[in-house]
Structure formats: structure tokens, C-alpha cells
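Bear in mind that the values in this text are calculations on the coordinates, not laboratory data. Just so we're clear, the structure is a prediction, and the values are computed from it rather than from any experiment. FYI the Cβ positions are ideal-geometry reconstructions off the backbone, even for glycines, and counts take in every protein chain you see.
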Amino acid sequence: MADVQFSVNYSSGGNWSGTFSVEDLNTQITSTLPLSLTSDNITFSPLDFGHQSTGTTSYVTWRSVNISGNTPGPPSYLNIYPTTGYSFDIWSHDLYVDIESNSITWNTIKGNTYNLNNSKNTLVYDYDGLRPIYFGTGGTIVFSA
């Protein structure tokens, strides 16, 4: 087991960090789910991974419930939303391209910085509490060892 750290720094103010715990750093992100995602006040085990793009507005998401029926792997459309658990939605076109088109692994994502969309909230959402735990627009997400 290994960890991949990340740090989110919003242009709109605020920052937070967390950890993906993964079984094998050399597997492609699209073909394996993290064992857990942890930040200051939450930990969840992702059971679903999705990503979607409409032009240059793209995102990737990890969710604590399997709503797509494709675990691991992307659904064709994420038009069904969970009613419980958590999601971590990262609005970044460049991250989407690296994961979807460049087949990036957990190991090769380390050291990369991605710009976040200026008009979409990158967030961790609590579907039980019906509120975002972290959210903001613009800025960057940085992955590290």
C-alpha cells in the first residue's frame, strides 16, 4: 500500500489537503480505485470513479457509493447522483486529459500540478448532510509523494 498526497488551493480563497491510499502506485488511475481518501475531517472508501468532459469543462470524481455500475471505470454519463455518502469532484480539464487520454498512473501523477476550473466548484460533498465540506473555484491541485 502507498499514499499519494494532494493539496487544493482555491483562487476563491481557502485550501485543504488529503491523501489517496492506493494498493499499487503503478496502476492506471482509470483501472483501480483508491483504498481510501482521507482529509482532515473525513475518510471514505471510493466505490465508484467517473469522469466526463464537455469541451474544456471536464471533471473527475470519486464517490463512496457505486452509481455508475462500472467499478472501476467511467460511466458514459454521470446523470445519476448518489443520495448518501461522499464525492470528491475535481473540475480540471488537464487532469481529465491525463487520466482519460494519457493513461496516467498513481505514481506518475505525483509531482503534477493541475489548474482548477474558474467557474465550477471543486469540492468534497456530503450527500447525507446535503452540503459541501470543502469547495471553491479556480486555483490548483498538486499531487505529491
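If a residue must be more than 15 Å from the chain's Cα centre (by Cα) and within 27 Å of GLY129 (Cα to Cα), how many such residues does region 11-56 contain?
7
So which residues in region 4-38 are part of a strand (DSSP E or B) and crowded, with 18+ Cβ neighbours inside 10 Å, if there are any at all?
VAL4, PHE6, VAL8, GLY18, PHE20, VAL22, LEU37
Return the pair list, or none, for Cβ contacts closer than 8 Å from residues in region 1-22 that are more than 13 Å from PHE143 (Cβ to Cβ) to residues that are surrounded by 15 or more Cβ atoms within 10 Å (Cβ to Cβ) and among the aromatic types (Phe, Trp, Tyr), at least 6 apart or on different chains.
GLY14/TYR134; TRP16/TYR134
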